[in-house]
1. Only residues that are part of a loop (DSSP other than H, G, I, E, B) and more than 18 Å from the chain's Cα centre (by Cα): list them for segment 44-77, please.
2. So, in segment 36-58, how many residues would count as being within 6 Å of the ligand (Cβ to nearest atom), buried (at least 24 other Cβ atoms within 10 Å of the Cβ) and within 19 Å of residue 16 (Cβ to Cβ)?
3. Among the residues of segment 426-433, is any of a type in the set (Phe, Trp, Tyr), over 17 Å from residue 65 (Cβ atoms) and either within 16 Å of the ligand (Cβ to nearest atom) or surrounded by fewer than 21 Cβ atoms within 10 Å (Cβ to Cβ) (or both)?
4. Would you mind listing the strands (runs of 3 or more DSSP E) fully within segment 251-331 where at least 2 residues are open to solvent by less than 20 Å² (accessible area, probe 1.4 Å) and either farther than 26 Å from residue 78 by Cβ or within 11 Å of the ligand (Cβ to nearest atom) (or both)?
5. Of the residues 235, 225, 192, which single one is more than 23 Å from the chain's Cα centre (by Cα), under 30 Å from residue 12 (Cβ atoms) and in a loop (DSSP other than H, G, I, E, B)?
6. Identify all residues within segment 73-88 that are surrounded by fewer than 19 Cβ atoms within 10 Å (Cβ to Cβ) and either of a type in the set (Ser, Thr, Tyr) or more than 19 Å from residue 305 (Cα to Cα) (or both); write none if there are none.
7. Sort out which residues of segment 339-373 are out of contact with any Ser or Thr (no Cβ under 9 Å at 6 or more places or on another chain) and either within 13 Å of the ligand (Cβ to nearest atom) or not aliphatic (A, V, I, L, M) (or both), and write them in order of number.
8. Could you give every pair whose Cβ atoms fall below 9 Å, whose first residue belongs to segment 204-224 and is farther than 21 Å from residue 48 by Cα and open to solvent by 10 Å² or more (accessible area, probe 1.4 Å), and whose second residue is more than 14 Å from the ligand (Cβ to nearest atom) and of a type in the set (Val, Ile, Thr), counting only separations of at least 6 or pairs across chains?
Amino acid sequence: MSSNDSAPSALRVVVIGAGIIGAACAIELLRDGHQVTLVEAGDPGGTQATSYGNAAWLSPASVIPMSMPGLWKKIPQYLLDKNSPLTLRWRALPALFPWLIRFLLAGASVARVEATARALTALLREAPARHRALAAEAGVPELIISRGLLYAYPNRAAFEAEALAWRLRRDNQISWKELDAQALHELAPEIGETYQFGILLEQGANCLDPGTYVAALVKHAVAQGATLLRARASGFDIQNGHLRAVLTDAGELACDRAVIAAGIHSKALAKLAGDNICMESERGYHVIVENPPFKLATPVMSGDTKIGYTSTLAGFRVAGQVELTSMPAAPDWSRADKLLQHAMAAYPALAKSTKTAVIQRWMGNRPSTTDGRPVLGQASGCAQIFHAFGHGHIGLVSGPTSGRLVADLISGRPPIIDPAPYSVTRFPWNRAGKN
Ligand SMILES: Cc1cc2nc3c(=O)[nH]c(=O)nc-3n(C[C@H](O)[C@H](O)[C@H](O)COP(=O)(O)OP(=O)(O)OC[C@H]3O[C@@H](n4cnc5c(N)ncnc54)[C@H](O)[C@@H]3O)c2cc1C
């Protein structure tokens with residue numbers, strides 16, 4: 001099957017989901033002259049979207065998959081220790097088992113994680129520049145800040161314990177500056193004495209408010225001619241293998257192409273397009289602290305707790321945690337409380353301040369495939385439906401390149417990057433009917 005079978009120059013394209021990925025796809029499709037309808041069940045960039053609540057990092061260095069060699073040895077700890085950055089709920093274990101096994105296998109050898117780091121590098125290499133351009137185009141250039149990103153470690157030994165991850169980054173031409181204790185505290189004077197070693201990614205950037213950013217991108221898409229339909233997509237009208245319409249609770253939308261960009265909810269839609277995707281939620285949390293006694297010069301990731309600290313428009317955002325559980329389970333707000341405890345330990349002034357107040361606790365679903373790569377490209381069961389989901393930990397940063405790639409494939413142009421590493425065909429067991 002090919003994506004450009006009798007492709008007319010202007011196609012009617014329905015994009016399902018207006019998170020960062022759907023918004024970026026819509027803008028790139030409009031650039032190609034297509035007629036775009038964005039179908040969104042909630043508010044674009046609203047709290048229901050994972051794009052709303054992430055750590056707001058735009059890091060070209062986020063190329064390290066979660067599943068790394070030796071991770072399996074830590075599973076008992078993740079099951080028992082509620083304080084570890086990754087937790088697994090016992091009750092969810094049977095349902096998660098197929099995903100978990102494939103996830104562990106994806107990171108079982110150095111060669112496999114090298115391949116994934118290479119694939120993610122292609123998606124992220126130019127991400128900060130692409131976000132700057134996109135934000136400027138949408139009239140919100142002030143939302144992208146390019147002052148680098150900082151990793152704070154208790155000491156050099158803690159950094160060296162992650163030698164494979166940093167070696168993979170170096171192999172993929174990602175460079176950084178090492179900071180001794182003095183240089184670290186000069187750049188981040190607020191951070192406590194627990195942290196004595198730093199890594200500065202000068203090419204890194206961050207977003208001041210991802211929800212506002214996504215809303216602005218969707219507004220821009222509408223200004224460029226897209227239609228925004230507030231509705232929930234429920235399936236497709238496919239006749240003789242050919243897409244006729246997207247079905248929604250507000251009626252049918254006749255179209256030539258459809259893009260599934262519904263984050264964690266994409267799995268059910270992908271199945272209707274012929275693919276059984278092994279994707280689960282790696283849930284994460286954030287708390288936002290209003291009136292913090294400081295503003296960070298650059299966002300910080302703590303090397304020990306893997307928590308992202310970012311100054312945003314609403315306040316000091318503390319984001320992180322990976323909680324593996326089944327999708328309908330209620331949020332475990334103790335995870336968010338834990339984030340705050342860690343923040344107070346990392347930033348002594350935060351603990352001492354009487355003016356600070358938590359104004360938001362949020363939980364979101366990282367749409368995570370087993371190998372840490374998104375699924376981008378044509379569906380197996382219908383050549384006119386395109387996947388654009390499964391971005392796990394890197395959806396915000398990789399949005400612009402993902403959107404461009406999907407638009408290239410739909411428009412039948414040479415793709416901006418090699419699409420093969422993200423194709424659904426890399427999962428032979430996932431095809432509908434083979435499970
Ligand atoms: C705690 C945390 C920290 C993170 N930090 C970072 C970070 O620093 N940098 C980074 O790059 N990534 C980060 N991520 C990951 C990133 O947020 C996600 O990968 C990304 O937001 C996924 O975007 P999306 O557009 O695919 O999904 P979403 O943002 O979830 O958007 C999907 C949209 O589709 C809509 N939808 C769903 N089903 C339907 C339907 N049937 N019909 C119509 N609409 C539908 C939803 O309402 C939603 O608006 C983090 C994630 C978490 C949880």
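The values are calculated or read from the model by the stated rules, or taken from the named source; none is laboratory data. Worth saying up front: this structure is predicted, and the values here are computed from it rather than measured. Every residue, glycine as well, gets a Cβ built from its backbone with ideal geometry; the counts of neighbours run over all protein chains shown. Remember, those area values only see protein heavy atoms, side chains included, never the ligands or the DNA or RNA. Shrake-Rupley method; radii C 1.70, N 1.55, O 1.52, S 1.80 Å.
1. Initially, segment 44-77 is screened for residues part of a loop (DSSP other than H, G, I, E, B), giving 44-49, 54-56, 59-70.
The answer is 68, 69, 70.
2. Matching residues across segment 36-58 total 5.
3. Taking every residue of segment 426-433 in turn, at least one turns out to be of a type in the set (Phe, Trp, Tyr), over 17 Å from residue 65 (Cβ atoms) and either within 16 Å of the ligand (Cβ to nearest atom) or surrounded by fewer than 21 Cβ atoms within 10 Å (Cβ to Cβ) (or both).
4. Details: elements: 251-254, 257-260, 279-290, 300-302, 307-311, 316-324.
Where strands (runs of 3 or more DSSP E) fall fully within segment 251-331 and carry at least 2 residues being open to solvent by less than 20 Å² (accessible area, probe 1.4 Å) and either farther than 26 Å from residue 78 by Cβ or within 11 Å of the ligand (Cβ to nearest atom) (or both), they are 257-260, 279-290, 307-311, 316-324.
5. Working: 235 fails: in a loop (DSSP other than H, G, I, E, B); 192 fails: under 30 Å from residue 12 (Cβ atoms).
Residue meeting the stated conditions: 225.
6. Once the filter is applied, which keeps residues that are surrounded by fewer than 19 Cβ atoms within 10 Å (Cβ to Cβ) and either of a type in the set (Ser, Thr, Tyr) or more than 19 Å from residue 305 (Cα to Cα) (or both), segment 73-88 yields 78, 84.
7. Answer for segment 339-373, where residues must be out of contact with any Ser or Thr (no Cβ under 9 Å at 6 or more places or on another chain) and either within 13 Å of the ligand (Cβ to nearest atom) or not aliphatic (A, V, I, L, M) (or both): 341, 347, 348, 352, 353, 354, 355, 356, 361, 363, 369.
8. 224/36
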